[in-house]
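*Asks:* Below is the structure I would like to discuss, written out as structure tokens.
The values are calculated or read from the model by the stated rules, or taken from the named source; none is laboratory data. As the structure is a computational prediction, the values presented were derived from the model and not from experiment. As a convention, Cβ positions derive from the backbone with ideal geometry for all residues, glycine included, and neighbour counts pool all protein chains shown. Each accessible area value is taken on the protein alone, full model and side chains, heavy atoms only, with ligands, DNA and RNA left out. Shrake-Rupley method; radii C 1.70, N 1.55, O 1.52, S 1.80 Å.
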Amino acid sequence: MTPALETIERTTGPMPTHSVIWLHGLGADGHDFEPIVPELIHPGLPALRFVFPHAPVRPVTLNQGMPMRAWYDLYGLDRDAREDIDGLRAARHAVTELIEQENRRGIPAERIVLAGFSQGCATALYTGLRHPERLAGLIGLSGYLPLRNTLAAERHPANAGTPVLMAHGTMDMVVPMTYAEASRDAMAAQGQPVEWRTYPMPHGLHPQELDDIRAFLTRVTSV
């Protein structure tokens, strides 16, 4: 079965042995983080396949119903805002199809990293923690864990020990750092191994963050 999401793919070497599925933020597309692939190449890393999917186009309530690429609908950006449960479940299903596609291509779940920025971070964390097979790792950048109050009941035991890298800007005015901290604490309270990094930046990507992502990928792909 072909996944419903269109994707862009980049590899760091022939015959990749690991995959990184990277989810963009609200209103962006799969091209958004494509340029960072060369910066993540490192001698300590195996050949990687980066998969950058495009989220579906849908009306977004937070933006006056304007259609844009979004993994799910947004009603607000404070941590007590209503959450789009059906949209999150649909996004999880679509990302799971991408994981299964990589499985069919010879990359088992334990060699797949789910990563995302902002709304893509939320989708990656929501999906990865509920996935029924152990993943190599989860990377959440400038985002949060949605439906964090259901984590204890819905987290799959297969990914209870999966390492998570969460990174956030101390000057982020889009997703406040306190929201990310609450997400970090919710995971830590359940025993999830979370590596927490902050940078003096707004809602974006910091040069040191790339170093930390590269180091994290090196660790989780060497197991």
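*Asks:* For the stretch 20-58, enumerate the residues that are among the small types (Gly, Ala, Ser), open to solvent by 30 Å² or more (accessible area, probe 1.4 Å) and in contact with a Ser or Thr (Cβ under 6 Å, 6 or more places away or on another chain).
*Replies:* Selection gives Gly44 alone.
*Asks:* May I pose another question? Return the total of residues in the stretch 35-77 being of a type in the set (Val, Ile, Thr), under 15 Å from Leu5 (Cα atoms) and either in contact with a Pro (Cβ under 8 Å, 6 or more places away or on another chain) or not in a strand (DSSP E or B) (or both).
*Replies:* Total meeting the criteria: 1.
*Asks:* Continuing with this model, one more query. Considering the stretch 175-223 alone, what residues qualify as being open to solvent by 40 Å² or more (accessible area, probe 1.4 Å), part of a loop (DSSP other than H, G, I, E, B) and modelled with pLDDT of 95 or more?
*Replies:* Result: Gln190, Gly191, Pro193, Pro200, Pro202, His203, Leu205, His206.
*Asks:* For the stretch 9-19, enumerate the residues that are surrounded by 16 or more Cβ atoms within 10 Å (Cβ to Cβ), of a type outside the set (S, T, N, Q) and in a strand (DSSP E or B).
*Replies:* Passing the criteria: Arg10, His18.
*Asks:* Further question: Taking the stretch 161-172 on its own, how many of its residues are open to solvent by 30 Å² or more (accessible area, probe 1.4 Å) and either assigned to a strand (DSSP E or B) or not β-branched (Val, Ile, Thr) (or both)?
*Replies:* So the count comes out to 3.
*Asks:* Among the listed residues Gly161, Gly143, Gly120, Gly204, which satisfies the condition of being within 11 Å of the chain's Cα centre (by Cα) and farther than 20 Å from Glu97 by Cβ?
*Replies:* Step by step, each of Gly161, Gly143, Gly120, Gly204 is checked, and only Gly143 is within 11 Å of the chain's Cα centre (by Cα) and farther than 20 Å from Glu97 by Cβ.
*Asks:* Filter the stretch 78-107 down to the residues that are part of a loop (DSSP other than H, G, I, E, B) and open to solvent by less than 50 Å² (accessible area, probe 1.4 Å) and list them by number.
*Replies:* Matches in the stretch 78-107: Ala81, Asp84, Ile107.
*Asks:* Does Arg134 satisfy being open to solvent by 10 Å² or more (accessible area, probe 1.4 Å) and in a helix (DSSP H, G or I)?
*Replies:* no
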